[in-house]
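Novice: I have a structure here, written as structure tokens, and I will follow up with some questions on it.
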Amino acid sequence: MRIDKYLWSVRLFKTRSIATECCRKGHVKMDDKTCKPSKEVYINEVFSVRKNQINYKIQVLDVPESRVGAKIVDLYRKDITPKEEFEKTEMLKYSKDYYRKKGEGRPTKKDRRDIDDYYDTSSN
């Protein structure tokens, strides 16, 4: 089975075209080499997928016939991602210095003044 189809069928990507695009961009690697979307996947191979700033390591346990349900995905793949990868994303969350949650809308007057003060002091 092609690697882009495998990534789609084990639900790492929502669509096959997104999986193909990630392969073309070099986000899917096997033995530290980028994979083309047409690369064949075999049992017990290990590859890494960069998704959402995390380098997932996936081991192929079996090759499904077609897209599988979310409950039985673990029969076909094993996630062997080190815990350090997930801890990096936690550190990224805390490193951001703004306090407003995403999607809360426009900046308040206080936020606007802080932004203006920052740009005024940084230009001098």
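Novice: Given only helices, namely DSSP H runs of n ≥ 4 each adding -39500 (n - 2.57), what is the per-residue ellipticity at 222 nm of the chain, to the nearest 500 deg cm²/dmol?
Specialist: -11000 deg cm²/dmol
Novice: How big is the charge dipole of the chain about its Cα centre, in debye rounded to the nearest 20, if each Lys and Arg gets +1 on its Cβ and each Asp and Glu gets -1 on its Cβ?
Specialist: Working: 30 positive and 21 negative charges, 103 e Å.
Rounded to the nearest 20 debye, it is 500 debye.
Novice: A follow-up question, please. Using only alpha-carbon positions, what ratio does the radius of gyration of the range 3-98 give when scaled by 2.2 N^0.38 Å?
Specialist: Here the answer is 1.12, to two decimals.
Novice: While we're looking at this one, here's another question. With a 10 Å Cβ neighbour count serving as the proxy for reagent exposure, in which order, fewest first, do V49, V28 appear?
Specialist: So the residues, fewest neighbours to most, are V49, V28.
Novice: Sort 54-66, 77-89 by the packing proxy (mean of other Cβ within 10 Å over each peptide's residues), most packed first.
Specialist: Packing order, densest peptide first, comes out as 54-66, 77-89.
Novice: Could you tell me the relative contact order of the range 3-98? Use alpha-carbon pairs under 8 Å, at least six residues apart, and round to a whole percent.
Specialist: This gives 24 percent for the range 3-98.
Novice: May I ask you to list the lysines whose Cα is less than 27 Å away from that of K93, ignoring any residue fewer than eight positions away on the same chain?
Specialist: Answer for K93, where 27 Å is the Cα cut-off: K14, K25, K29, K51, K57, K78, K83, K101, K102, K109, K110, listed by chain and number.
No value in this document is a laboratory result; all are computed from the given coordinates. All of these numbers come straight from a predicted model, not from anything done at the bench. Neighbour counts are summed over all protein chains in view; Cβ atoms, including those assigned to glycine, are modelled from backbone coordinates with ideal geometry.
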